[in-house]
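Coordinate-derived values only; no laboratory data. The structure displayed is predicted, hence computed values, not measured ones. Virtual Cβ from ideal backbone geometry, glycine too; neighbours counted across all protein chains shown.
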Amino acid sequence: MRIILTLSLAFIHFGAWNFVPSEEESQKLDLIQVDQVEEGLLLLQKHCYTCHNPKSKSHDEIPAPPLWGMKKHYLEAYPEQTEFEKAMMTFILNPNEEKALMKGPIKRFGLMPKPQITEEEAKKIVRYIYEQELENPLWHQKKEGGKIN
């Protein structure tokens, strides 16, 4: 039994050794990740910023809530990445009031129209939203004790 355990551990150790990426492979993986992040941002800017632009000057200039606030609400309800992405994808691909997490913005802005994006594009957008820091519009930030939150 001891021999089997030792051999198993050796197999795992030396087998894992073979899967350590070289410096060149590691750089390629880093570039792939950067490309995926950039693609998510480009898709977000192309398909979402028309309504959710963080550069808007006021709440009156934006026809939808800021993405920063939406992300905050989704993270509070779904802190785990898989659940967050699933919930946001479900709403984005088929917006309806029953699935809406944020009822207030629907009352103020109306229900979001179904975007003209593929499921794969939606996944990239939602992954970007989850993984990256989003800009909070200045007008959306609240001052408390001299600090901007």
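Couple of notes before you dig in:
- Among (1) buried (at least 16 other Cβ atoms within 10 Å of the Cβ); (2) under 13 Å from the mean Cα position of the chain (by Cα); (3) within 17 Å of residue 109 (Cβ to Cβ) - the single one residue 43 does not satisfy: (3)
- Checking the stretch 98-110 against the condition returns no match, with no residue being touching a Leu at 6+ places or on another chain (Cβ under 6 Å) and surrounded by 14 or more Cβ atoms within 10 Å (Cβ to Cβ).
- Residues satisfying the stated conditions in the stretch 64-76, i.e. surrounded by 13 or more Cβ atoms within 10 Å (Cβ to Cβ) and over 15 Å from residue 133 (Cα atoms): 64, 65
- Cβ separations smaller than 6 Å between residues 6+ apart or across chains give the following pairs from the stretch 46-67 residues that are in contact (Cβ under 8 Å) with a residue 60 or more places away in the chain and farther than 13 Å from residue 136 by Cβ to residues that are hydrophobic (A, V, I, L, M, F, W, C) and part of a loop (DSSP other than H, G, I, E, B): 47/117; 51/64.
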